[in-house]
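One structure is given below, encoded as structure tokens.
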Amino acid sequence: MDQALDRPHPSAESGPIVPVLECRNLSVSYYTRAGEVPAVTDFNLRLMPGEAHGLVGESGCGKSTVALAIMQYLGGNGRIVGGEILFDGRDLAKMKAEDLRRIRGAEIAMVYQEPMASLNPSMTVGAQLAEVLLYHDRLSRPTALERARAMLESVRVPDPDRIMAAYPHQISGGQQQRVVIAMALLSNPKLLVLDEPTTALDVTIEAGIVELIREIGAAHGTSIIYISHNLGLILETCDWVTVMYAGEAVEVGPVGELFDAIRHPYTRGLFASIPLPSADKISRPLVPIPGQLPLPYDRPRGCNFGPRCEFFIAGSCDSGPIPMLPVWNAEHRRSRCIRIDEIDWERPPAPPALQAAPPPGDILLKVEDLSKHYELEGGFLAGGGRTVKANESLTFDAREAETVAIVGESGCGKSTFAKVLTGLETATDGSIRLGDVELGAVPIEKRDARTVAALQMVFQNPFDTLNPSHSVGSQIARVIRKFGVERDEAKVRQRVDALLDMVKLPRAFARRKPRQLSGGQKQRVGIARAFAGNPRMVIADEPVSALDVSVQAAVTELLMDIQREHRTTLIFISHDLSIVRYLADRILVMYLGRIMEQGRTEEIFAPPYHPYTEALLSAVPVADTRIEKRKVVLSGDLPSPSDPPAGCPFSTRCPYAIPGTCDVVPPPVFEPSPGHRILCHLAPETLMAMKPVMSEREPETRAASGSS
Amino acid sequence: MSAIAEPLPSPPVPVLARLARPRFALALLLLIWVPLVAYVMFGRELGPYRSYVLIPAIPAALLLYAVAARTWRESTIAVAGLTLVFFWILLAVSAPYLPLLDPNKPVAPFVTPFTERNGIFFWLGTDMRGRDLLARTIWGCQRVLVWGITATAAAYLVGTMLGLIAGYRGGWRDEVVSFVGNVLLSFPVMVLFILILNYLGQSGFNIVIAVTFSSAPAIMRIVRGLALDVKSRDYIHAAQVRGERPLRIMLVELLPNVRGPLIVDACLRLGYTTVAITTLTFLGLGLQPPDPDWGLMIKEASTTALVFKFSYMLVVPALSVSSLILGFNLMADGLREMSLRD
């Protein structure tokens, strides 16, 4: 039980070092109208100076509650019901409000997910930063401003003087998060709590922040608690990791050791459901964790993960509370699995039935020189407006039963393209042909019913995708009737049932309202609705990015199964290269409205790369210790789409940019192999000479160790 | 904490809860409302049926009260407001069947409350012309309720439609609707009322028109704002992508999802409208004597009631108005409280 074992600290040469933070058997409950809801039970953690400890888990696992408990910010209905939180040896829960206030901010600082919500919109950045020092360190104003500026420089904010004078809304999301981190570091805290600090940011921006977080420990000696749902980020930033499930820590250990040799079925399930580079949709599909997270007041007896676990044995796993058990042969590791010594951890998970890749058919969608420009109204006095080129000369095609992924960061125009394709917007120039029907300039009202039915969409946000006022069944039935698939009332109901079967939901769900469904279930209904009219092409706009990883795997697999069965063309829009690598046949990489590179998936993931693709690949966090990545961290932010650089749109951030060429002349197309097109000024030899971004450390161990 | 709501097990549904489903509640409301409107507005056309039309409304009102009180039992404030409002609604629908004196017949002037005169016990006394105040209050309540709620409903119909068009369709439609709305909102409400009623003549229907003109722009703004928010949701995009007509999207996909704040606002606005109508009759605009009406009663009593002994003539209708408005406002507060809680 006692996880606070005598763990040697790397820097501990002599004398006992007091841990910066120690949670001992911590239990936190929320008190709601439904009664006491245990959010965290029996949580242990020991954080030594300068260490980074990751908390990883899916939503509802209690990782944020731990952070709030550390900050003593549980609010009116949350309470620590057991255990203690020692900060520098003092129990935070027993401290007076006055002392707590001094400690928060000065010795413990927290960074939240939404940087904009942490900054005061009515104060300049400089004033906000200086305020910390004025209050905590009682410095004079000029000294405080000077220190604030220095801190901004140390978190590598470009042009700190301009940022100091700016209001938060005038700087980009990545810079906002840097400012928040700078603010947290200003009073030189001993402990920094980061709650999903990069989730709201784009990958290439995220990579910069991650780099910064990694340096903080070394530069300032700050200990870090890093909360994330992303195993890859934890691997890149932390020394230790605690995996949480349903309010409990289920596995603890040094990051590398734990990732290499998993000792808990839940962690094992998590890794099987994320698209690691070794996963493949044909030979090694994702394996979702079956079942659902138990409700906090409805947790099973014994092991919380029991009902979903493939190693579950009635009588031992469900007999009583499971303690954290030591892992054999690993000194600092603990796992909350009673069968830890019985399970063969090396055995790869049961290989699922192999699916043959469907051969792509004829060309279904042909996009040629498509452009979509928006005229920004200059306002009533400003006169002529500016033009935003949301899409600029897109050219590609998609075949029947093929998955084409569009990848890019926010503002790259991928959603605009979806709108033009579905007819919510019309193209400014160029053409889109679906089969032999021209769609480019035809808005949805002018399209005939067959074309509309042939092109449907799956949306991103599961909480928005269904109309909360109508039952699930009626929303699916509406599509069936609207597209005239069935007219007879009984047949419509049959088809609704069949569609619910198809997305693996109980038929009784037809009568439910969306609020009674979980996020993953809503997304399944969204898929059923998209396929209700037998479409020939489905556009999926980030369909799984808002879901938990284990649910993501299930929904992804489902979407692909249905696509395979119906031979539907899937346009998969995403910012997540790992998932795209897993499921796409071909990939388009977009940047500022242009396709920078396109080709088959294996062509995109191997050199020659477009410099932007290279940076994207390097930025994706990979939860696999065997993969070694080459670091390509981009400087600067995405230029505004209304004011793109004159030549190559990427020239402002490109590490290879050739001054005088890249920023003036639009780049030519280089086609290393048929269908693989790179839009770049670099000489073909330079491109061909690029080294792979990801490489394996020990190729021989990879085949042996299977899933983990 | 958790971003994903787990499905809730559905418990067995008792009868009252079953009736609380919007469709049944709406049916009950119509069962009260249609007879009341028919009785008050089209009494002459009903002929001999006039004395029966309100009979089904009495059990409907009682049932609706029971259902609503049960549904809102979490909020004491809402139930208190509901009780006040339904007290008046029940009196309004049962007025013809209560043993009341003719509200327009002079019996005995200046009888103070709780005294007996000529063998009749006067609970609330009589006014200066000798008319029974109890009968006048109850009959007056019927008129205030019918015209007040009808006017609010009309304002809502117009305001919601315009708001949906402005918010969802946007563009030039939004510009036109918003501009006209702003012009109307720039008039002081009373000036607008007086202008319209003087121009159109003084009658209940014209009060409805006047209230619509003054309230619809504000409602339009609320609906427009809500529609602007909801229209960016994915389910609206889903409807657009399957080629639904704008009218269907506005009414079926959009409107049900903005009903929460609208219902709260409607309760508040019912209070304002009641005040407005009472004020209008007090000013001598709108509903005409001799039929009883609270505003009229206050006006008629305004000089006599200066004598303290006869102040009850003013206090009775004034308290009635206040309690009804208080009821509407408490209901709005309670509903808002409940909507914020979940």
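Derivation of every value follows stated rules applied to the coordinates shown; laboratory data play no part. Worth saying up front: this structure is predicted, and the values here are computed from it rather than measured. No Cβ is skipped: glycine too gets one built from the backbone with ideal geometry, and neighbour counts run over all protein chains shown.
What is the antiparallel percent of DSSP beta bridges lying wholly in the protein assembly as shown, to the nearest 5? Before the final figure, lay out the partial values.
Values: 65 of 102 bridges.
Approximately 65 percent, going by the DSSP bridge assignments.
Helix check for chain A. Which DSSP H runs span at least 24 Å along their own axis by Cα, with a mean Kyte-Doolittle hydropathy no less than 0.0? Answer set is A:203-220, A:549-566.
Distances between placed amide hydrogens fall under 5 Å for A:GLY82 paired with A:SER27, all partners being 5 or more residues away or on another chain.
Relative to the dominant Cα principal axis of chain B, helix B:57-71 is inclined by about 50°.
Per residue of A:29-40, other chain Cβ atoms within 10 Å of the residue Cβ number 1 on average. Compared with the dominant principal axis of the Cα atoms in chain B, helix B:22-41 is inclined by about 40°.
Here B:LYS309 is the anchor, and the aspartates and glutamates within straight C-alpha reach of less than 15 Å, apart from those fewer than 8 places off in the same chain, are B:ASP127. Most fluctuating residue of B:GLY260, B:GLY159, B:GLY327 in a GNM of chain B with Cα springs under 10 Å: which is it? Sorting by GNM fluctuation, first place goes to B:GLY260.
For chain A, rounded, prolate or oblate, judged on the Cα gyration tensor with a ≥ b ≥ c (square roots of eigenvalues), a/c < 1.5 rounded, else prolate if a/b > b/c? Intermediate results must be reported in sequence, preceding the final value.
Working: a/c = 1.63, a/b = 1.22, b/c = 1.33.
In terms of gyration-tensor shape, oblate.
Below 13 angstrom from the Cβ of B:ALA38, what's the summed charge of the other residues (Lys, Arg +1; Asp, Glu -1)?
Values: positive: B:ARG44, B:ARG50; negative: B:GLU45.
Taking every Cβ under 13 Å from that of B:ALA38, the sum is +1.
Hydrodynamic analysis of chain B uses the Kirkwood radius over alpha carbon pairs. Inserted into Stokes-Einstein at 25 °C and 0.890 mPa s, it gives a translational diffusion coefficient of 111 µm²/s.
How high is the FRET efficiency from B:MET41 to A:SER640, r the C-beta distance, R0 56 Å, rounded to 0.05?
On the way: r = 60 Å, r/R0 = 1.08.
Efficiency for this residue pair is about 0.40.
Of all aspartates and glutamates in the structure, the ones whose alpha carbon falls short of 17 Å from that of A:LYS504, not counting any fewer than 8 places away in one chain, are A:GLU557, A:ASP561, A:GLU565, B:GLU6. In this structure the amide hydrogen of A:ALA39, modeled in the peptide plane, comes within under 5 Å of the amide hydrogens of A:VAL28, A:SER29, A:TYR30, none closer than 5 places in sequence on its chain.
Which ordering of A:ILE343, A:ILE103 is given by a fewest-first count of other beta-carbon atoms within 10 Å? Walk me through the intermediate numbers first.
Details: A:ILE343 16, A:ILE103 19.
Ordered from fewest to most neighbouring Cβ atoms within 10 Å, A:ILE343, A:ILE103 come out as A:ILE343, A:ILE103.
For A:TYR297, A:TYR135, which order do you get if you count the other beta carbons within 10 Å of each Cβ and list the fewest first? Could you put the intermediate results ahead of the total?
Working: A:TYR297 11, A:TYR135 15.
Ascending Cβ contact count within 10 Å gives the list A:TYR297, A:TYR135.
When a/c reaches 1.5 or more, the comparison of a/b and b/c decides; with that in mind, is region A:432-567 rounded, prolate or oblate per its Cα gyration tensor? Oblate.
With r defined as the distance between the Cβ atoms of A:ALA93 and A:GLU36 and R0 fixed at 25 Å, what FRET efficiency is calculated, to the nearest 0.05?
Taking R0 as 25 Å, the efficiency between A:ALA93 and A:GLU36 is 0.90.
Of B:TRP88, B:TRP147, B:TRP172, the residue with the greatest mean-square motion in the GNM of chain B, using alpha carbon springs below 10 Å, is B:TRP172.
Taking a sphere under 13 Å around the Cβ of A:ILE209 and counting the other residues whose Cβ falls inside, with K and R at +1 and D and E at -1, yields a net charge of -4. Taking the Cβ of A:VAL479 as the center, what net charge do the other residues with Cβ under 12 Å away carry, scoring Lys and Arg +1 and Asp and Glu -1? Residues near A:VAL479 contribute +4 overall.
Using the structure shown, select from A:LYS366/A:LYS414; A:LYS419/B:LYS231; A:LYS372/A:LYS414; A:LYS491/A:LYS522 the pairs with a Cα to Cα distance greater than 21 angstrom.
Details: A:LYS366/A:LYS414 16 Å; A:LYS419/B:LYS231 15 Å; A:LYS372/A:LYS414 11 Å; A:LYS491/A:LYS522 23 Å.
Pairs exceeding the cut-off: A:LYS491/A:LYS522.
Cut-off is 10 Å between beta-carbons; in what order do B:TRP33, B:TRP123 appear when sorted fewest neighbours first?
So the ranking, lowest neighbour count to highest, is B:TRP123, B:TRP33.
Counting Cβ atoms of other protein chains within 10 Å of each Cβ in A:139-148 and taking the mean gives 0.
Remark: mean inter-chain Cβ contacts per residue of A:265-274 equal 0, using a 10 Å Cβ-Cβ cutoff to other protein chain atoms.
For region A:605-680, a/c is not less than 1.5, where a ≥ b ≥ c are the root eigenvalues of the C-alpha gyration tensor, and a/b does not top b/c. That puts it in the oblate class.
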